[in-house]
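Visitor: Handing you this structure, nothing more for now.
The values are calculated or read from the model by the stated rules, or taken from the named source; none is laboratory data. Note that the structure is predicted; figures quoted are calculated from it, not measured. In this analysis, Cβ positions are derived from the backbone assuming ideal geometry, glycine residues included, and neighbour counts consider all displayed protein chains. Calculation scope for accessible area: heavy atoms of the full protein, side chains included, ligands and nucleic acids excluded. Shrake-Rupley method; radii C 1.70, N 1.55, O 1.52, S 1.80 Å.
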Amino acid sequence: MEQNNEILEGVLSEFEKLAAIPRKSGHEQAVSDFLKRYLTEAGFTVVQDEKNNIIADKPASKGFEKAPLTILQGHMDMVCVAEKGYAYDPLKDPIKLVRGEKYLEAEGTSLGADDGIGVAEAMYIMKNAKEHGPLRMIVTVDEEQGMTGAIHLSAEHLKDASFLINCDSENYDELTVGSAGSINLDFSRELTREAATQMNSWKIEVKGLLGGHSGERIGDGRGNAIRTLALALLALQAKGKVELADFQGGKARNAIPDDATAVIVTNLDETAVNEVLAAEKARFMQNYGAVDPGMEFVLTAADKPAQVLKAGDAQRLLRLLTILHTGVYAMSTVIPGLVETSANLGVVAMDENSVNVQFFPRSAIDGKNDEFALMAQEYAALTGFTAHIGTKSPGWKENKDSKLAKIMAETFKAQNGKDMKVETIHAGLECGWHFLKNPNLDMVSIGVTTIDIHSPKERLLLETVKPQVDLIIETLHKIAKM
């Protein structure tokens, strides 16, 4: 018990230091400066690159100088969200930790265990591990928002290493050995508006969908609120004259949208609109109800807008929203049950003058993301939109001959008395960028158990911290003896 407390308290002490420093994605200067100073004072050789990534080196223990170099890697930024009404400035305020018997949480905000706890573990291990080969700790910036830290990390920091342990996964008994790539695709169009000609103004909302992460949850077959609303508007157009004043939906390109809202002006009365929406709800339930049963349309009277979109602009938007693929595109032919390729229609944002649509394909096969980029240009040509091809993140291909995965799986079973789940995930990790720069780097991704990340309900399961640290330290010991 004393050893358990020593490791847990040591890691949490490091995490408290990070939690005290505001570190929203894109605003990491302060935490990067802290890590540079703190790790230098701990005796490590530290580099702070032009993007504020931190690279810290520790020499091998005596007698293990010839062992291969191993990297411990995580990211310093966090997703900052707060409960409604809770006073919180993510650029100024620290995270207020609340420790219970079972969980570590935060008061009113996200905890930042993704990936603060992974960085804290690496800090603790760098300071306390014994009998290891040369170690390098790499802490990147901006993983959550755009992976710009990993993108711009010099390959020089990766090429001399044999192994890399990414500490950014979410379950202590899962070993990730591969991940999907992705590409950011956007569609934009300038809008022309005119005076409304119809009488009845309605706001139509799609609510109650489960939503979720567009990688982890896309294979569940959940509904997409944006597509659902677009289909409902097309159904209304088949029954009467419908003019579109506004369309909004989704929160992020990598989140399945759980709500969407449109404002219309129409010659249809409330009864006629409700009849169409009831039929659309029945169709939705037939297609998605088994996994997403809470969907509902909410119809309320709206103030008549001064202007609506010209009919051609409205039709082009609805056409785009219905022809873009959303959901699973292909399943893996290698790993049963794994989604190979998917796409998410994530956000529609409209103002008086323009509309922007965010679309986010993922695939374990980089060439299929290239195909989506080509398809986007054709969809744009068909609908009169402009396609914007953004950042492409590479996939991380599973290494069937990974020595590191074998060592960690065997070590975990010996320490915990059960098998570690080994998996490739349909989501993005920084390992994809590391793999692109050094395809020979033997990598895995692990993490302590965290729940409801990126939300004010985020919490860390305390009992998983020591097993994770034990696993890494013993793995380093075995590598040193290779």
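Visitor: With the structure loaded, tell me whether Asp303 is open to solvent by 40 Å² or more (accessible area, probe 1.4 Å), farther than 30 Å from Gly219 by Cβ and of a type in the set (Asp, Glu) or whether it fails that test.
Guide: yes
Visitor: Another question, if that's okay. Between Leu268, Leu244, which is in contact (Cβ under 8 Å) with a residue 60 or more places away in the chain and assigned to a strand (DSSP E or B)?
Guide: Every option except Leu244 fails the conditions.
Visitor: Look through the stretch 388-402, keep the residues that are open to solvent by 30 Å² or more (accessible area, probe 1.4 Å) and in contact with a Phe, Trp or Tyr (Cβ under 8 Å, 6 or more places away or on another chain), and return whichever of them is nearest to Phe360 (Cα to Cα).
Guide: Once the filter is applied, the top-ranked residue is His388.
Visitor: Within the stretch 429-445, can you find the residues that are open to solvent by less than 30 Å² (accessible area, probe 1.4 Å) and part of a loop (DSSP other than H, G, I, E, B)?
Guide: If the condition is that a residue be open to solvent by less than 30 Å² (accessible area, probe 1.4 Å) and part of a loop (DSSP other than H, G, I, E, B), then Leu429, Glu430, Asn438, Leu441 are the ones that fit.
Visitor: Let me ask something additional. Can you spot a residue in the stretch 50-71 that is in contact with a Leu (Cβ under 8 Å, 6 or more places away or on another chain), assigned to a strand (DSSP E or B), of a type outside the set (Gly, Ala, Ser) and open to solvent by 20 Å² or more (accessible area, probe 1.4 Å)?
Guide: yes
Visitor: Applying the selection to the stretch 338-353, what residues are assigned to a strand (DSSP E or B) and open to solvent by less than 30 Å² (accessible area, probe 1.4 Å)?
Guide: The answer is Val339, Glu340, Thr341, Ser342, Ala343, Asn344, Leu345, Gly346, Val347, Val348, Met350.
Visitor: Still on this structure: Just to verify a result, which residue in the stretch 72-86, among those that are in a loop (DSSP other than H, G, I, E, B) and over 22 Å from Lys127 (Cβ atoms), is least open to solvent (accessible area, probe 1.4 Å)?
Guide: Asp77
Visitor: In addition: Could you list, in sequence order, the residues of the stretch 8-45 that are open to solvent by 10 Å² or more (accessible area, probe 1.4 Å), in contact with a helix residue (DSSP H, G or I) (Cβ under 7 Å, 6 or more places away or on another chain) and aliphatic (A, V, I, L, M)?
Guide: Leu8, Ile21, Ala42
Visitor: Separate question: Based on this model, can you work out whether Phe435 counts as touching a Leu at 6+ places or on another chain (Cβ under 8 Å) and under 21 Å from Glu144 (Cβ atoms)?
Guide: yes
Visitor: Continuing with this model, one more query. Restricting to the stretch 304-330, count the residues that are within 18 Å of Lys241 (Cα to Cα), of a type outside the set (Lys, Arg) and not in a helix (DSSP H, G or I).
Guide: 5
Visitor: Give the residue, chosen from Val98, Val47, that is in a strand (DSSP E or B), more than 22 Å from the chain's Cα centre (by Cα) and over 23 Å from Lys127 (Cα atoms).
Guide: Val98
Visitor: Only one residue in Asp89, Asp57, Asp77 is acidic (Asp, Glu), more than 27 Å from Leu460 (Cα to Cα) and modelled with pLDDT of 95 or more. Which one?
Guide: Asp57
Visitor: Sticking with this structure for a sec: Of the conditions (1) loosely packed, with under 15 Cβ neighbours inside 10 Å; (2) at pLDDT 95 or above; (3) among the aliphatic types (A, V, I, L, M), Met482 fails just one. Which one is it?
Guide: So Met482 meets the others, but not (2).
Visitor: Right, something else. Show me the strands (runs of 3 or more DSSP E) entirely contained within the stretch 108-210 in which 3 or more residues are surrounded by fewer than 21 Cβ atoms within 10 Å (Cβ to Cβ) and touching a residue at least 12 places away in the same chain (Cβ under 8 Å).
Guide: Hits in the stretch 108-210: 181-190, 193-195, 200-207.
Visitor: Moving to a separate point now. Does any residue in the stretch 284-295 that is in a helix (DSSP H, G or I) come within less than 7 Å, Cβ to Cβ, of a residue that is among the hydrophobic types (A, V, I, L, M, F, W, C) six or more places away or on a different chain, and which pairs are these?
Guide: That search, which allows pairs on different chains as well, returns Phe284/Met295.
Visitor: Of the residues Arg253, Arg227, which single one is part of a helix (DSSP H, G or I) and open to solvent by 10 Å² or more (accessible area, probe 1.4 Å)?
Guide: Exactly one of Arg253, Arg227 is part of a helix (DSSP H, G or I) and open to solvent by 10 Å² or more (accessible area, probe 1.4 Å), namely Arg227.
Visitor: Filter the stretch 354-367 for residues that are surrounded by 21 or more Cβ atoms within 10 Å (Cβ to Cβ) and more than 16 Å from the chain's Cα centre (by Cα); which is nearest to Ile183 (Cα to Cα)?
Guide: If we take residues in the stretch 354-367 being surrounded by 21 or more Cβ atoms within 10 Å (Cβ to Cβ) and more than 16 Å from the chain's Cα centre (by Cα), then Val357 is nearest to Ile183 (Cα to Cα).
Visitor: How many residues are over 17 Å from Leu320 (Cα atoms) and small (Gly, Ala, Ser) if we restrict to the stretch 226-244?
Guide: 2
Visitor: Shifting gears a bit: Could you list, ordered by first residue, the pairs with Cβ atoms under 9 Å in which the first is in the stretch 303-324 and without any contact (Cβ under 8 Å) to a residue 12 or more places away in the chain and of a type in the set (S, T, N, Q) and the second is in a helix (DSSP H, G or I) and open to solvent by less than 70 Å² (accessible area, probe 1.4 Å), at least 6 apart or interchain?
Guide: Gln315/Gln237; Gln315/Thr383
Visitor: OK, next. Residues of the stretch 376-399 being more than 19 Å from the chain's Cα centre (by Cα) and of a type in the set (Gly, Ala, Ser), which ones?
Guide: Across the stretch 376-399, the qualifying residues are Ala376, Ala380, Ala381, Gly384, Ala387.
Visitor: Right, another one. Which condition does Gln48 not pass, out of (1) in contact (Cβ under 8 Å) with a residue 40 or more places away in the chain; (2) in contact with a helix residue (DSSP H, G or I) (Cβ under 6 Å, 6 or more places away or on another chain); (3) not hydroxyl-bearing (Ser, Thr, Tyr), if it passes all the others?
Guide: All conditions pass for Gln48, except number (1).
Visitor: Quick check on the stretch 415-428: of everything there that is among the aliphatic types (A, V, I, L, M) and at pLDDT below 95, which residue is least open to solvent (accessible area, probe 1.4 Å)?
Guide: Ala427
Visitor: Give the number of residues within the stretch 368-386 that are of a type in the set (A, V, I, L, M), in contact (Cβ under 8 Å) with a residue 24 or more places away in the chain and open to solvent by 30 Å² or more (accessible area, probe 1.4 Å).
Guide: Residues in the stretch 368-386 being of a type in the set (A, V, I, L, M), in contact (Cβ under 8 Å) with a residue 24 or more places away in the chain and open to solvent by 30 Å² or more (accessible area, probe 1.4 Å): 1 in total.
Visitor: Based on what the data block shows, is Met408 in a helix (DSSP H, G or I) and closer than 23 Å to Glu174 by Cβ?
Guide: yes
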